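The structure under discussion is supplied below as structure tokens; questions concerning it will follow.
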Amino acid sequence: MSNYWSDVLGGTKSLAVGLGITIKAFFQPVVTMQYPREYVKMTPRFRGHIDLVKNEETGGPKCIVCGMCQKACPSGCITLAGKKPEGSKKKVLTEYTLDFTKCSLCGLCVESCKPGAIDFSKEFNLAGPSREAYVFDLIKRLKERS
Amino acid sequence: MTANPVVRLLISLLVVIGFIAFNAAFLVWVERKGAGHIQRRIGPKEVGPYGLLQTVVDGVKLMSKQLFVPDHVDPILFRVAPLLILIPAVMSFVTIPFSDVLVARKIDLGLLMVFAFASVNVLGLLIGGWGSGNKYAVISAARAVSQNVAYEIPMLVTTITIVMITGTLNMNEIVAQQAGGFWNWNILPLGKNFLLAAIMPISFLIFFICSLAETNRAPFDMAEAESELIAGAYTEYPGMGFGVFFMGEYANIIVGCALATILFLGGWQCPFGLFPGVHWFLIKLYLLIFTVVWIRWTYPRTTIYGLLNLSWKVLIPFSLSILLLTAAILKVL
Ligand code: SF4
Ligand code: SF4
């Protein structure tokens, strides 16, 4: 019988406590982010897909077309090409595509790049209609950014 | 008020249906907003200011769906069931007094009539589940019946307590007796009788819990249990068939809260005895409805055992003892 009363009284009390908690939450500010209108700022260590880094002097990519990143990539995501323009010693990057469908974001390419010409982007909002949408032309992206 | 009784009846019916439709739409919005804020998110906000038009849009969506009647169902019962939920709720409004004059029909047995119609509600659920010809729907309909039977008893017993105190089944009369200030209300009748004031709050609590259970509201919504049984008894209902069930549910919530307001909270009476009127009724009504929403998003759903235990082991003994105590108090003092 004492069990019964402690059940009834304890139950009533805990129900009231529960109501107290939810009503407090009701008047507290909203904590969710209104996603399509608001974005989170990604932390500096966030690894998005790779992106070319801009050379501040020339405005073009920093890349020297050494091909190390292509070799380092275990999944073979990176395809690049370059050519030497007339009267120049250095190669210029003409094509840099990243097949993001295969990328594991391991970061080996970024590590292997001596001049620091590639870096992780902060892009996370990557929804697309087809697989082909994930083959990125990084030179184009670099131009769009500047 | 000398208009032709038929005209008067039609007008009040139209007003009541409008009131219910508006409230159903508005309450769905309140429900979703309440859920949102309790979970510290915003809830609907895209359609219309503060998402107010969201339920209108949802309604249009439901109406545009095909009214699909599956092969294996009982065609007549299947179609009748949603109406059996909605119509009794609409009929109950006929006797519910919103204010001194704002009542479709002042019936001496008004309270009896409301409870008579309220018990048709469970028939609608049972028929809906049975007519669906689906095991899960039948199971949840059976649960709904056992639940309704279990909770109708304490609810009626507490109502009898009130009837004993007021000596009438006429709801206008019951409210009129609570005039003068909150100390005269039946929830805490300090102005009338101190001993009664000690037990009536428990009575109100029992009544409120029962009206939650009667309307199949969370935490007592096993019949529906959308997360386990996929809307239980309504599993087979598409589009607006389902929508009507929901409107019926919300109408029943309003009836339940209106009854609690009338029986315990002094109906349209002002807490300080100043300006009684329909606004007080609505304020109390919507505060209770908010509590219903608040409760829904606070407690998890109980099990069927928990539900029946609560009724048979706690609510019924308590309501019966209160009935006896009230009788003793009224007789002796
Ligand atoms: S992060 Fe790894 S998988 Fe992705 S492109 Fe670079 S090396 Fe290849
Ligand atoms: S390793 Fe760096 S510099 Fe070399 S090709 Fe790749 S991106 Fe260009």
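Taking the stretch A:54-85 as the region of interest, how many residues are at positive phi and either within 14 Å of another protein chain (Cβ to nearest Cβ) or within 6 Å of ligand 2 (Cβ to nearest atom) (or both)?
2
Still on this structure: Between a residue in the stretch B:302-314 that is closer than 20 Å to residue B:158 by Cβ and any residue that is among the polar types (S, T, N, Q), which pairs come within a Cβ distance under 7 Å, given they are 6 or more apart or on different chains?
Here the result reads B:307/B:147; B:308/B:146, each pair linking the stretch B:302-314 to a residue that is among the polar types (S, T, N, Q).
I would also like to ask the following. Among (1) within 12 Å of chain A (Cβ to nearest Cβ); (2) at pLDDT below 90, which single condition is residue B:273 missing?
The single condition residue B:273 does not satisfy is (1).
Which is in contact with a helix residue (DSSP H, G or I) (Cβ under 7 Å, 6 or more places away or on another chain) and at pLDDT 90 or above, of B:307, B:265?
Going through B:307, B:265 in turn, the sole match is B:265.
Continuing with this model, one more query. Taking the stretch B:171-228, which residues are modelled with pLDDT of 80 or more, touching a Ser or Thr at 6+ places or on another chain (Cβ under 8 Å) and charged (D, E, K, R)?
Across the stretch B:171-228, the qualifying residue is only B:173.
Kindly indicate which of B:256, B:266 is touching a Ser or Thr at 6+ places or on another chain (Cβ under 6 Å) and either in a helix (DSSP H, G or I) or away from chain A (no Cβ under 14 Å) (or both).
B:256
Same structure again: What are the residues in the stretch B:95-137 that are more than 30 Å from residue B:267 (Cβ to Cβ) and part of a helix (DSSP H, G or I), if any?
B:126, B:127, B:128, B:129, B:130, B:131, B:135, B:136, B:137
While we're on this one: Give the residues of the stretch B:22-34 that are touching a residue at least 60 places away in the same chain (Cβ under 8 Å) and surrounded by fewer than 15 Cβ atoms within 10 Å (Cβ to Cβ), sorted by residue number.
none
Tally the residues that are touching a Lys or Arg at 6+ places or on another chain (Cβ under 7 Å), open to solvent by less than 60 Å² (accessible area, probe 1.4 Å) and away from ligand 1 (no atom under 12 Å from the Cβ), restricting the search to the stretch A:118-146.
Residues that pass the stated criteria total 1.
Whether any residue in the stretch A:51-64 is in a helix (DSSP H, G or I) and within 20 Å of the chain's Cα centre (by Cα) is what I want to check.
Looking through the stretch A:51-64, none of the residues is in a helix (DSSP H, G or I) and within 20 Å of the chain's Cα centre (by Cα).
Assess whether residue A:35 counts as being touching a residue at least 12 places away in the same chain (Cβ under 8 Å), within 30 Å of residue B:40 (Cβ to Cβ) and open to solvent by 30 Å² or more (accessible area, probe 1.4 Å).
no
Keeping to the stretch A:8-32, report how many residues are surrounded by fewer than 13 Cβ atoms within 10 Å (Cβ to Cβ) and part of a loop (DSSP other than H, G, I, E, B).
Adding up the residues that qualify gives 4.
Can you tell me which of (1) in contact with a Phe, Trp or Tyr (Cβ under 8 Å, 6 or more places away or on another chain); (2) under 24 Å from residue B:289 (Cβ atoms); (3) assigned to a helix (DSSP H, G or I) is the one residue B:58 doesn't meet?
If we test residue B:58 against (1) in contact with a Phe, Trp or Tyr (Cβ under 8 Å, 6 or more places away or on another chain); (2) under 24 Å from residue B:289 (Cβ atoms); (3) assigned to a helix (DSSP H, G or I), just (1) comes out false.
Which one of the conditions (1) touching a residue at least 40 places away in the same chain (Cβ under 8 Å); (2) surrounded by 12 or more Cβ atoms within 10 Å (Cβ to Cβ); (3) within 10 Å of ligand 2 (Cβ to nearest atom) does residue A:95 fail to meet, given that it meets all the rest?
All conditions pass for residue A:95, except number (3).
What are the pairs with Cβ atoms under 7 angstrom where one residue, in the stretch A:105-117, is open to solvent by less than 50 Å² (accessible area, probe 1.4 Å) and the other, located anywhere, is in a helix (DSSP H, G or I) and near ligand 1 (Cβ under 6 Å from one of its atoms)? Sequence gap at least six, or different chains.
A:109/A:72; A:112/A:72
Conditions (1) of a type outside the set (S, T, N, Q); (2) outside any helix (DSSP H, G or I); (3) open to solvent by 10 Å² or more (accessible area, probe 1.4 Å); (4) closer than 23 Å to residue B:190 by Cα, marked per residue:
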residue	(1), (2), (3), (4)
B:139	yes, no, yes, no
B:147	no, no, no, no
B:150	yes, no, no, no
B:154	yes, no, no, no
B:159	no, no, no, yes
B:164	yes, no, yes, yes
B:175	yes, no, no, yes
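Provide a single number: the residues in the stretch A:98-117 that are within 13 Å of ligand 2 (Cβ to nearest atom), of a type in the set (A, V, I, L, M, F, W, C) and outside any strand (DSSP E or B).
5
Now for a different question. How many residues, within the stretch A:118-144, are touching a residue at least 40 places away in the same chain (Cβ under 8 Å), within 16 Å of ligand 2 (Cβ to nearest atom) and not in a strand (DSSP E or B)?
The qualifying residues number 5.
Only one of these is within 14 Å of chain A (Cβ to nearest Cβ) and either touching a residue at least 60 places away in the same chain (Cβ under 8 Å) or surrounded by 22 or more Cβ atoms within 10 Å (Cβ to Cβ) (or both): B:317, B:219, B:238. Name it.
The unique qualifying residue is B:219.
In the list B:70, B:44, which residue meets the criterion of being within 14 Å of another protein chain (Cβ to nearest Cβ), open to solvent by less than 30 Å² (accessible area, probe 1.4 Å) and at pLDDT below 90?
It is B:44.
On the given criteria, is residue A:12 facing chain B (nearest Cβ under 8 Å) and under 29 Å from residue B:35 (Cβ atoms)?
In short, no.
The values are calculated or read from the model by the stated rules, or taken from the named source; none is laboratory data. If you're wondering where the values come from, they're calculated on a predicted model, not measured in any experiment. All Cβ positions, even for glycine, are placed from backbone atoms using ideal geometry, and neighbour counts span all protein chains on display. Heavy atoms of the whole protein, side chains included, go into the accessibility calculation; ligands, DNA and RNA do not. Shrake-Rupley method; radii C 1.70, N 1.55, O 1.52, S 1.80 Å.
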